[in-house]
Amino acid sequence: MMDKDLYDRGMAVRRSVLGDAHVDRSLERATGFDADFQEFITKTAWGQIWTRPGLDIRTRSMLTIGMLAALGKDGELKLHIRATRNTGVTRDEVKEILMQAAVYAGVPAGNHAIALARAVYAEMDEEDARKG
């Protein structure tokens, strides 16, 4: 059974970080197989963790980028690098996070994360130029 308040708080922060378009696509693509997972991540990750008062959204974004880089979670890393548009984390800060990850998680992980970030930023720059 869904905790409506927790879900609503989670959905609000999920949308503020990832953007309405991404969240809408995720929800529209949900099927009977993964709808429970969408509810789970909205309540747990976004509703319980991202809304805690101990860290602000910007700090959580930076930590998430570092952990995803260290773990080699490419799809989520690209998503959260793109989300820096909404969290206020700068490109220079992402570069520093990935340098830190390279020291503690290994140079191959850092090298791969840098390449992914470079590609995401190129896509973002192209999108901005088209809008522009």
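List of remarks:
- When each of Lys43/Lys73; Lys43/Lys78; Lys78/Lys131; Lys43/Lys131; Lys4/Lys95 is checked by Cα-Cα distance, pairs over 28 Å: Lys43/Lys131; Lys4/Lys95
- The calculated 222 nm mean residue ellipticity attributable to helices in the chain amounts to -24000 deg cm²/dmol, summing -39500 (n - 2.57) over DSSP H runs of n ≥ 4 and dividing by all residues.
- Net charge dipole size for the chain [Lys, Arg +1 and Asp, Glu -1 on Cβ; Debye, nearest 20]: 200 debye
- Under the Debye formula (equal points on every Cα, no solvent term), log10 I(q)/I(0) of the chain at q = 0.15 Å⁻¹: -0.77
- Sequence of Leu55, Leu68, Leu98 when ordered by accessible area, the most exposed leading, probe 1.4 angstrom: Leu55, Leu68, Leu98
- Cα gyration tensor, region 55-131 - rounded (a/c under 1.5), prolate or oblate: oblate
- Probe 1.4 Å, all protein chains present, accessible-area order of Arg60, Arg14, Arg29, Arg9, largest first: Arg29, Arg9, Arg60, Arg14
- Probe 1.4 Å - accessible area at Ile57, Å² to nearest ten: 50 Å²
- Accessible area of Glu126 in the full protein assembly, 1.4 Å probe (Å², nearest 10): 110 Å²
- In the context of the full protein assembly, Asp24 retains an accessible surface of approximately 60 Å², using a probe radius of 1.4 Å and ignoring ligands and nucleic acids.
- Relative contact order (percent, whole number), the chain, Cα cutoff 8 Å, 6+ residue spacing: 24 percent
The values are calculated or read from the model by the stated rules, or taken from the named source; none is laboratory data. Computed from a predicted model, the values in this text were never measured in an experiment. Neighbour counts run over all protein chains shown; Cβ positions are idealised from the backbone, glycine included. To get the accessible areas, we keep the full protein, side chains included, count just its heavy atoms, and leave off ligands, DNA and RNA. Shrake-Rupley method; radii C 1.70, N 1.55, O 1.52, S 1.80 Å.
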